[in-house]
Amino acid sequence: MNKTQASAVFDSPKAAAASADPQLANAWKTKTAAELTDAEVLAMPDSEYMSDLQLDFFRNKLKRLKEDLLSNAGETTEHLREDTSIVPDPADRATIEEEHALELRTRDRERKLLKKISQALARIDAGDYGYCDETGEPIGLGRLIARPTATLSLEAQQRRELKQKMFGD
């Protein structure tokens, strides 16, 4: 293999991961979607992109994320109920109110993420998951593992952000 062929092979993170650990490249063949790791999914060949196994892997990942967010929301409710005691010191009261406001803002972001998770699960069921809404091209496993609710390829997202920066929302 010459230098150009070698660099072409290793320009792909998938190829680099598979060559670093040959067992990783074939580990997915004997596992269920629930048993797969992120690295094993990344090492899968391109021909398996959004196969039933990968779709099940992402469905499980999204459901776990949803359960975690719902659990956090329940903890927030309990936490806010516990801190309803009257605090005579204005500085302490202000600190508690600021903590509550921060927690509520975080939960509001998580509420929006729950909506995106539901939309992603619906896209899996519809067969649209993993493909860019704008271009129809594959979003890519790396991006989906990092952000399973992604609806745009990295390039399309960058274009959208650039337009928003230039022209506002």
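Coordinate-derived values only; no laboratory data. The structure presented is a predicted model; accordingly, all values stated were derived computationally and were not measured. Glycine also receives a Cβ, built like all others from the backbone with ideal geometry; neighbour counts cover every protein chain displayed.
Measure off 7 Å from each Cα along the Cα-to-Cβ vector at residue 39 and residue 73, then give the distance between these two points in nanometres to one decimal.
It works out to 3.5 nm between the two label points.
Around residue 70, what is the net charge, scoring Lys/Arg as +1 and Asp/Glu as -1 over all other residues with Cβ under 12 Å from its Cβ? Working shown, then result.
On the way: positive: 63, 64, 66, 107, 111; negative: 67, 68, 75, 110.
Combined, the nearby Lys, Arg, Asp and Glu give +1.
Strictly over 20 Å apart at the Cα level, which of 66/112; 115/163; 29/116; 61/165 would you flag in this model?
On the way: 66/112 11 Å; 115/163 24 Å; 29/116 30 Å; 61/165 32 Å.
Beyond 20 Å: 115/163; 29/116; 61/165.
Can you give the translational diffusion coefficient of the stretch 124-163 in µm²/s, computed by Stokes-Einstein from the Kirkwood radius over Cα pairs at 10 °C and 1.306 mPa s?
156 µm²/s
When Lys and Arg each count +1 and Asp and Glu each count -1, what net charge do the other residues less than 14 Å away from residue 153, Cβ to Cβ, add up to?
Numbers: positive: 143, 147, 159, 160; negative: 128, 133, 134, 137, 155, 161.
With Lys, Arg at +1 and Asp, Glu at -1, the neighbours total -2.
Over 10 Å intervals from 0, what percent of Cα-Cα pairs in the stretch 52-129 sits in each interval?
17, 35, 22, 15, 8, 2
Treat each spin label as a single point 7 Å out from the Cα along the C-beta direction, and report the residue 167 to residue 47 distance in nm.
Modelled inter-label distance: 4.3 nm.
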